[in-house]
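*Asks:* Below you will find the structure I want to go over with you.
Please treat every number below as a calculation from the coordinates, not as lab data. For clarity, every value in this text was computed on a predicted model and none was experimentally measured. Methodologically, a virtual Cβ is constructed for each residue, glycine included, from the backbone with ideal geometry; neighbour enumeration extends over all protein chains shown.
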Amino acid sequence: MRVLSIHCRSVVRAAALGAFLFAGVAACGDETPTQASPELIANGKQIFRFDTFGDEKFWTDTLHMSQVIQSADDPVTELSVGLKVDADALPPEVLQAIESGAVDLHSPATTVALLKLDAVVGVKATVDANNTITRVGITCALCHSTVDDRITHGIGSRLDGWPNRDLDPGAIIALSPALSAAQKAVYDSWGPGKYDPRFNFDGQNGPTVIPPAYGLAGIHSETFTGDGTQVAYWNQYVAVTQMHGQGSFSDSRLGISIVQHPDLVASKLPALQAYELSLAAPAPPAGSFDAAAAARGKLVFEGPGACVQCHIGSTFTDANRGLHPLSDEPTDPGYALRSATKMWRTAPLRGVWQHPPYFHDGSAATLLDVVDRYDAAKHLMLSDQMKADLVQYLLSL
């Protein structure tokens, strides 16, 4: 986004953006990662959920989001743009009041109360004695966590690593009074579950779906285009250039060089990585797929569907062996052309049942849409029954 571009490049000039340093895990291949210490994982969990890396300077001082929340945002509005409330952070009496309707969810004061309890997932705020929000920032959990809706839609226990496909980051950013009408129009165009991590550098508008941050252990090149070979690269990119935390990130392939002191990001990356790599892909819910059809679909996957040529091993990806040219994937190459590699990574399939829509741009609404697209592009000649069985197998992973 252009306002972010001004911010980042001014930092570069003054000092001279859902990927961490690989600590205690296998460096590559489809091997089992070594066990990180419980202490490191617990520290990473806190960082993932609550650390802003000092990004309040951007979300408060540049975008003035503290004013927006204070004056206009109420819980109903927040839930409508996909923000989530952590029910486990609320006292029992507050939960009871919410369930009974005794809490005014249309009041900005309720939002302030939730922020004081650290209950708005991915949002950190400083609130003074007069209940005025003085600082606000965001954390990794904003995009890469959701809740199980056990209280009501948008209010429940955290599901870390699950992409928040309800979240409308563009609509949230567009609330800023610091943006022009043209900028707001771009952000409002993204829609729920999408974000463009390149827009602030190249000015092109092409959002991607928010990816899961689970099931990454043992996987090389964890992003759509595999820009970095380890989880460290993307987390550092996002923390510095998108969240606008105070840290450093450089990639000559993208023409990015940001140096900020003191660096509030780098020292936290090993623990953050340990926690994220501890997040396994969720198993499919009981009864969510046809087991007999899935067994037949496995044969299609390994045979006429030719899926196993790229989706290999226990992680169902060949990313550890390399990336694919744009012509290999039946999807719009525009986003990859904006990346550092200009290639595609084979997506891992564990937990694929959980996060439609599919492809980097969300252009396939269902797994059947994905199968149909590959069937046409690769001339597989699959029957309708084979396609249906293959979908059931994918739902079982």
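*Asks:* Using C-alpha positions alone, give me the convex hull volume of the stretch 227-296 per residue in cubic angstrom. Working shown, then result.
*Replies:* Numbers: hull volume 10.1 nm³, N = 70.
Normalising the Cα hull of the stretch 227-296 by residue number yields 144 Å³.
*Asks:* Explain nothing, just the number: dipole magnitude of the stretch 139-264 about its Cα centre with +1 on each Lys and Arg Cβ and -1 on each Asp and Glu Cβ, in debye rounded to the nearest 20. Each step should come with its number before you reach the end.
*Replies:* Details: 7 positive and 12 negative charges, 19 e Å.
That gives a dipole near 100 debye.
*Asks:* Please give the net charge around ASP389, taking every other residue with its beta carbon less than 15 angstrom from that of ASP389, where Lys and Arg add +1 and Asp and Glu add -1. Before the final figure, lay out each step's value.
*Replies:* Working: positive: ARG296, LYS298, LYS387; negative: ASP290, GLU302, ASP372, ASP375, ASP384.
So the surrounding residues net to -2.
*Asks:* With point charges of +1 on the Cβ of Lys and Arg and -1 on the Cβ of Asp and Glu, referenced to the Cα centre of the stretch 241-397, which listed residue (GLY247, ALA293, GLY322) lies farthest in the positive direction of the dipole?
*Replies:* Farthest along the dipole direction, towards plus: GLY247.
*Asks:* Right, another one. In debye, nearest 20: dipole of the chain around its Cα centre with unit charges on the Cβ of K, R (+) and D, E (-)?
*Replies:* The dipole magnitude comes to about 860 debye.
*Asks:* Residue farthest toward the positive end of the dipole of the stretch 304-397, with Cβ of Lys/Arg at +1 and Asp/Glu at -1: which of LEU394, LEU367, PRO333?
*Replies:* Of LEU394, LEU367, PRO333, it is PRO333.
*Asks:* I would also like to ask the following. What span do the alpha-carbon atoms of the chain cover on each of the three principal axes, reported in whole Å from largest to smallest?
*Replies:* 66, 56, 46
*Asks:* First select every other residue whose beta carbon is under 14 angstrom from the beta carbon of PRO304; then total the charges, Lys and Arg +1, Asp and Glu -1. Could you put the intermediate results ahead of the total?
*Replies:* On the way: positive: ARG296, LYS298, LYS378, LYS387; negative: GLU302, ASP375, ASP384, ASP389.
Local net charge: 0.
*Asks:* Hey, how many Å between the Cα centroid of the stretch 320-397 and the Cα centroid of the stretch 81-129?
*Replies:* Each part reduced to its Cα centre gives a spacing of 38 Å.
*Asks:* Quick one: of LYS298/LYS387; LYS116/LYS268; LYS57/LYS268; LYS45/LYS84; LYS84/LYS194, which pairs are farther than 22 Å apart, Cα to Cα? Write down the numbers at each step before the final one.
*Replies:* Working: LYS298/LYS387 11 Å; LYS116/LYS268 24 Å; LYS57/LYS268 19 Å; LYS45/LYS84 17 Å; LYS84/LYS194 16 Å.
Result: LYS116/LYS268 exceed 22 Å.
*Asks:* If you don't mind, there's one more thing I want to ask. Convert each backbone phi in the stretch 137-147 into a coupling constant with the Karplus relation 6.51 cos²θ - 1.76 cosθ + 1.60 (shift: θ = phi - 60°), then list the ³J(HN,Hα) values in order as whole Hz, x for Gly and Pro.
*Replies:* These are the phi-based 3J(HN,Hα) values: x, 10, 10, 4, 5, 3, 9, 10, 9, 9, 10 Hz.
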